[in-house]
Amino acid sequence: MVESPLAVARTGRIYLLDVGLSTYPEHNGRILTCQPDGSDIQELITNIRSLPDGIAIDTDHQHIYWTNMGVPADNDGFIQRCDLSGQTHTPKQMTIAPKSKKLYWSDREGMRIMRANMDGSDIEVLYQAGTTDTDRQDAQNWCVGIAVDEESKSVFWTQKGPSKGNKGRIFRMGLDKQDTDIQLLLDNLPEPIDLELDRASGTLYWSDRGDPPHGNSVNSVALADVSANNLQPKVLVRKLHEGIGLALDLKNDRMFFGDLGGSLYSANLDGSCKHTIFPDIGGAVTGVAYVPKVESEDKFKHA
């Protein structure tokens, strides 16, 4: 019998972004947090007017990082940081490489994969899909989701393609800037967005906001099949409403994901036992992050 993710010990904390589309034209985005069962929901930060999209948690220093898309046509996106309590310190998907202490993120209209130190210094461009305004008009060049594996020294990312266009792709390259070997892992996907990686099992997960039957879904693929050139993606969860944010809780064999319809869900990693945590948060869910419970209850205010 497959166990429901809610039957697992209710530990840890979910952090999610509301991009603020429901308050148009003001775009009052929010950062929220709740228990994995949806209880104790709190607003940490409100009135974010720059379209927050990707979120990552630095548990060592108790910081939340998030990306702000800004005006998509302009080169004005930026990254912010705050405490887990919501106190702001410094003025598309993002992830943290804990060993190297680096932030990695995708720049959609910038058509780039980038990284920097966690204080914002030493910004680097690792990959550039295009450089001209004509390139920027082609959504196949838009980099969106990102995941990093420091053990294999690899970075993975999605290029979503046009809306519902079935031209989405997932790539991989080395973390060393001198390694220019870029590998196309999957193509002809509906519209792949956020990425997550289970390093132990070598499984890559992603959300897709494209059309059914393969879009509006959460998917996975076993990376062990790359060398045999036999990648077989699996659709794990269907019937999302523009699926975006995705986070894994590997210890409890579950995942959390959200959509632009404003819903937050959980399911087992194999896609079974899908459960709606919130049918509608009153906004549109973009980024989702999960922080496991720490041994010391006092280490984090919201742990």
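None of the figures in this text is laboratory data; all of them are computed from the coordinates on show. Since the structure is predicted, the reported quantities are computational estimates derived from the model, not experimental observations. Here the Cβ positions follow ideal geometry from the backbone for every residue, glycine too, while neighbour counts run over all protein chains shown.
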Full-stretch length increase - Ala116, Gln183 - with 0.36 nm per residue and alpha-carbon distance subtracted: 21.8 nm
Candidate lysines - alpha carbon under 17 Å from Lys102, same-chain residues fewer than 8 apart omitted: Lys92, Lys153, Lys177
Estimated FRET transfer efficiency when R0 is 25 angstrom, pair Tyr24-Ala73 (beta carbons, to 0.05): 0.90
Reciprocal of mean inverse Cα separation for the chain (Kirkwood radius, Å): 19.1
CD proxy at 222 nm, helix term only [per DSSP H run n ≥ 4: -39500 (n - 2.57); per residue of the chain; nearest 500]: 0 deg cm²/dmol
